[in-house]
Amino acid sequence: MRFKKTLVLIFFSIILDYSLSYSQIAGESTYQFLNIPSSPRHLALGGKNVTIQDDDVISGLFNPSSINQEMDNMLSVNYFTYFSDISYGSLAYAYRLDNRGNTIHFGFSYINYGDFVGYDEFGNYTSDFSGNESVFSMGYAKKLNNIPIIFGSNLKFITSTFEQYNSYGIAADIGFFYNDYVNDIKASLVFRNIGSQIKPYNEVNEKLPFEINLGVSQKLENAPITWHITLENLQKWPIGLANPSRIITDLDGNTTEEKISFFNEILRHTIIGVELFPESFFKMQLGYSFRRSEELRILEQRNFSGISFGFGMKFNKLRFNYCHSRYSSASNVNFLGIQLDLD
């Protein structure tokens, strides 16, 4: 009875938040840094992977239902220079509470937007200022009784500062993880950033970047390969917007906007990834985000936007991860991370 009541409460809280947050995407909500990929491995698999469930402790930062006892006493530290002077970092640690496998997870991530020169409305210099945001999370996962599903949740406290403006918020992630051990298939559904601002920047409450992600992966039986498919931002349809640079003008001056097909809309929700040698000391990842490719590509120019690739190497109790991700001709990202086994 208690289990059924818990599921009912979770269901109605998700539906309520979904109705308040529907159609959110970049530029329509605050704290957008919450959806930046948290590690090189995740970015190398396309950016929003939710089906990694092993000793990679940083996975619990993005999907709480992936938290498990293999992460016990693991510490992960990750860093990359985003664009221009923007820097991003994340860390995670997990601790097993008892012999039954109950594990608690701690995570932290931050983004620093660099230094800016301030001017007033008349063009007079005022002062230099900076901007930064961070989030601290605590998570826990537990297998539900009588069904092969793991339920996990993260509670997150968010801080944000831009010049003299600052804001605080609280949010939660809810995840469900399913394992088919016979066919080596994993599936996960994650509701991210369910919450609100506690203190807005300027007396106007803004929405959080709520999103729903669904993922499936499988390790092939006769090959050292695991494939991943993630459907991102399922809370919004359609997700595609017409590109103004693709407006067609005929000889009479009539204009025709770009039309986005139903199939193209589906692709923009899709991320694919492949990991080679997933159980070896040396792993390789390749991923592709269709939405990032479509939104950042330049017409009549090949820049491979949306492609990510990386690798990971394990040396005794130290694991090193690297990823290179293609964004645009102007800039790309190199992401570095290490994980330490503190036992």
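With respect to being over 20 Å from ILE307 (Cα atoms) and either at pLDDT 95 or above or among the aliphatic types (A, V, I, L, M) (or both), LEU276 falls outside the description.
Taking the stretch 179-208 on its own, how many of its residues are closer than 22 Å to LEU144 by Cα, assigned to a strand (DSSP E or B) and among the polar types (S, T, N, Q)?
At the first step, the residues of the stretch 179-208 found to be closer than 22 Å to LEU144 by Cα are 179-192, 194.
Now narrow it down to the ones that are assigned to a strand (DSSP E or B): 179-180, 185-192, 194.
Narrowing further to those that are among the polar types (S, T, N, Q): 179, 188.
Final tally of qualifying residues: 2.
Please work out if ARG302 is over 30 Å from ASP72 (Cα atoms) and either modelled with pLDDT of 85 or more or not in a strand (DSSP E or B) (or both). So ARG302 fits the description; yes. Exactly one residue among SER167, SER188, SER217 is surrounded by fewer than 22 Cβ atoms within 10 Å (Cβ to Cβ), touching a Phe, Trp or Tyr at 6+ places or on another chain (Cβ under 7 Å) and not aliphatic (A, V, I, L, M), and that residue is SER167.
One residue stands out in the stretch 154-194 among those that are over 18 Å from ILE52 (Cβ atoms) and hydroxyl-bearing (Ser, Thr, Tyr): the one that is modelled with the lowest pLDDT, namely TYR165.
Among the conditions (1) among the polar types (S, T, N, Q); (2) at pLDDT below 85; (3) on the phi > 0 side of the Ramachandran plot, THR249 misses just one, which is (3).
Among the residues of the stretch 209-240, just one is under 27 Å from SER29 (Cβ atoms), part of a strand (DSSP E or B) and of a type in the set (Gly, Ala, Ser), namely GLY215. Quick check, is SER167 within 17 Å of SER38 (Cα to Cα) and hydroxyl-bearing (Ser, Thr, Tyr)? Judged against the criteria, SER167 is not a match.
Checking the structure you have, find out if any residue of the stretch 50-70 is in a strand (DSSP E or B) and either over 18 Å from ILE111 (Cα atoms) or in contact (Cβ under 8 Å) with a residue 12 or more places away in the chain (or both). No: zero hits. Checking ASN233, ASN243 one by one, the residue that is within 17 Å of GLU295 (Cβ to Cβ), polar (S, T, N, Q), modelled with pLDDT of 90 or more and under 28 Å from the mean Cα position of the chain (by Cα) is ASN233 and no other.
One residue alone among ASP85, ASP128 is among the acidic types (Asp, Glu) and under 20 Å from ASN334 (Cα atoms), and that residue is ASP85. Only a single criterion out of (1) of a type in the set (A, V, I, L, M, F, W, C); (2) under 20 Å from PHE80 (Cα atoms); (3) modelled with pLDDT under 90 is not satisfied by ILE147, namely (2).
Contact annotation: no residue pair with Cβ atoms under 8 Å, 6 or more positions apart or on different chains, pairs a residue in the stretch 266-284 that is at positive phi and part of a loop (DSSP other than H, G, I, E, B) with a partner that is of a type in the set (Ser, Thr, Tyr) and surrounded by 21 or more Cβ atoms within 10 Å (Cβ to Cβ). Say we look at the stretch 308-343 and pick out the residues that are of a type in the set (Phe, Trp, Tyr) and within 21 Å of SER87 (Cβ to Cβ); which of these is surrounded by the most Cβ atoms within 10 Å (Cβ to Cβ)? Filtering the stretch 308-343 for residues that are of a type in the set (Phe, Trp, Tyr) and within 21 Å of SER87 (Cβ to Cβ), the one surrounded by the most Cβ atoms within 10 Å (Cβ to Cβ) comes out as PHE335. Residues considered: GLY107, GLY169, GLY131, GLY101. Of these, the only one that is in a strand (DSSP E or B) and either under 28 Å from LEU340 (Cβ atoms) or among the charged types (D, E, K, R) (or both) is GLY107.
Residues that are surrounded by fewer than 16 Cβ atoms within 10 Å (Cβ to Cβ) and within 16 Å of the chain's Cα centre (by Cα) within the stretch 109-146 comprise just one, PHE136.
Does the stretch 248-293 hold any residues that are of a type in the set (Val, Ile, Thr), surrounded by 10 or more Cβ atoms within 10 Å (Cβ to Cβ) and either more than 28 Å from ALA223 (Cα to Cα) or touching a Cys at 6+ places or on another chain (Cβ under 6 Å) (or both), and which are they?
THR256, ILE260, ILE266
The values are calculated or read from the model by the stated rules, or taken from the named source; none is laboratory data. No experiment lies behind these values; they were computed from the predicted model shown. FYI the Cβ positions are ideal-geometry reconstructions off the backbone, even for glycines, and counts take in every protein chain you see.
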